[in-house]
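Rule-based calculations on the coordinates, nothing more; no lab input. Quick caveat: nothing in here was measured; it's all calculated off a predicted structure. Cβ atoms come from the backbone with ideal geometry, glycine included; neighbour counts cover every protein chain shown.
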Amino acid sequence: MCHKCHRELVDALLEVPGIDDPATRTALLANIPNRQSFMRNHNSTYDDLSLLVSALFSSTDRRTGEKLLKIFIENTKARVAGITLYDRLEHLYLQYEQCNAKVIPRSATITRTGTKPIWTRRSFLMAAGAVASVGLAVTGGELLLHQGGSVPPTPTPKPTPTPTPKGDAKPSILNKPPVTYKHASVVSSVAWSPTKDLIASASVDGEIHIWDALNYKGGDPIIKYRLPLQGDNTPNAVWCIAWSPDGRLLASASADPLVRIWDGSQQKDGPLITCTGHTNSVNSVAWSHDGNHILSGGSDNTVRVWSSGGQPEGTHNGSTNTVTSVAWSLDGARIAGGNRDKNVIEWDALTSASPPLYTFSKHGAAVNCISWSHDGNYIASASDDRTVQVWDYATGDVKKTYQHHDVVNPVAWSPKDTYIISGSWDKTARIWDAMSGKTIAISQLHADHVNAVAWSRDGNYVVTGGKDTYIYVCRVF
């Protein structure tokens, strides 16, 4: 390892939460032979880490390297109550080996001049795995080996998904988020761009912000829109926002009651298009997968379809109460809406003013949010009855039920439909394995209701927004 790489690795480790505490570094090195040789200066975190990295990478004995790695893994397991990190680290080690086998021949050595040690390919891999385990150990399962900045860049290519916990493994706790953003009022909706690392957020004071998802360090958002006050001079709450599939446009649903389409790529004076037709608050909005249509649902008990140019294309009745959330099927032929009457209702999207095709009625209280899986096979619904239900679209059967401790507001599928995230009045956001129903991770960052959730486009991050006015971006995988 050259001096530059050595320094960058130490710089990255310096950003691991809790690493400044000598007790953390000491605990991670427990049972490591001769650990005092690279723990001499508890007054300097940098020196400690630099010596640690040097010691690991200078080991040329294969068995010693394997022993160090095993000890680090065991120490990691002992310190973290969460996902089966032992399996994760083993997988990480194999990834390093497969990747580096293409670059460094098995017989190769890397020689440095002067007093620098000689490293073999094997010791390089051993050290990489051991150092990775340090990051995992002190962040509850979050790998933070990156260069500079407050958060790692979005990985390319996408890493293999984290294995589902087995047995009675406890979920990991998402804390100390790398990115924090704040509105002046209650956050009502968040959405991650499908084409860029941008997040759009909305609040009940009528503001829509667009900001850098991974590199925000304070200050004003990139783009900021504000809706006009309502007739009684009260704020015009924005209840929902949604990106177009190409990431250029942003649709909003608001109390006034209008659907607006905004430029999501550059600041404009106001909306590009305004859709008029609802007679009461618009609560939800969603784009069709081809980007040619917009779906909205409102407190007038209707679901309406609009062209991307803002022209009305159909009104669907059949809901006997407020429509809280809407979603499109994968093929665009079906639409669904959740309502305050405990139902999820399905309509034919291609027929204007069509009656409901099917009604899912298994919740015990109002349905607050629905999310159609990307493969089109399942619908997830969140309810006042404190549950998330996963429906089989073809049969109408409930396949899984996830339990919160209070009202569940938002729900969203991960990009590959492997996981589901939900937010609740119990102040948590929970990530579930979609099919097994096991809790993968829990966010306990918010001080009040969690009103909004979304996944990053690569599925590695989640963003949550709450009644406490805060938005948190956390890495999950």
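Any idea what the dipole of segment 174-475 comes to, in debye rounded to 20, about its Cα centre with Lys/Arg Cβ at +1 and Asp/Glu Cβ at -1?
Around 600 debye, computed over segment 174-475.
Please sort 202-210, 178-186, 361-369 by packing, taking for each peptide the average over its residues of neighbouring beta carbons within 10 angstrom, highest first. Walk me through the numbers before you get to the answer.
On the way: 202-210: 23.0, 178-186: 17.3, 361-369: 19.4.
Packing proxy ranking, top to bottom: 202-210, 361-369, 178-186.
Once the cut-off is 37 Å, how many percent of the Cα-Cα pairs in segment 174-475 end up in the long-distance tail?
Details: 2651 of 45451 pairs.
Of all Cα-Cα pairs in segment 174-475, 6 percent lie more than 37 Å apart.
Fewest to most neighbouring Cβ within 10 Å: what's the order for 269, 426?
Values: 269 6, 426 17.
Starting with the residue having the fewest Cβ neighbours, the order is 269, 426.
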Amide H of residue 203: which non-local residues (sequence gap of 5 or more, or other chain) have their own amide H closer than 5 Å, using H built in the peptide plane? 188, 238
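Which pairs in the list 182/438; 342/362; 342/467 are over 19 Å apart, alpha-carbon to alpha-carbon?
Values: 182/438 31 Å; 342/362 8 Å; 342/467 23 Å.
Distance filter (> 19 Å) returns 182/438; 342/467.
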With label points set 7 Å from each Cα along the Cα-to-Cβ direction at residue 184 and residue 433, the distance between them in nm comes to 4.6
For segment 242-326, what is the Kirkwood estimate of the hydrodynamic radius, computed as the reciprocal of the mean inverse distance between distinct Cα atoms, to one decimal in Å? 12.6
Alpha carbon centroid spacing (whole Å) that separates segment 342-376 from segment 178-254: 26
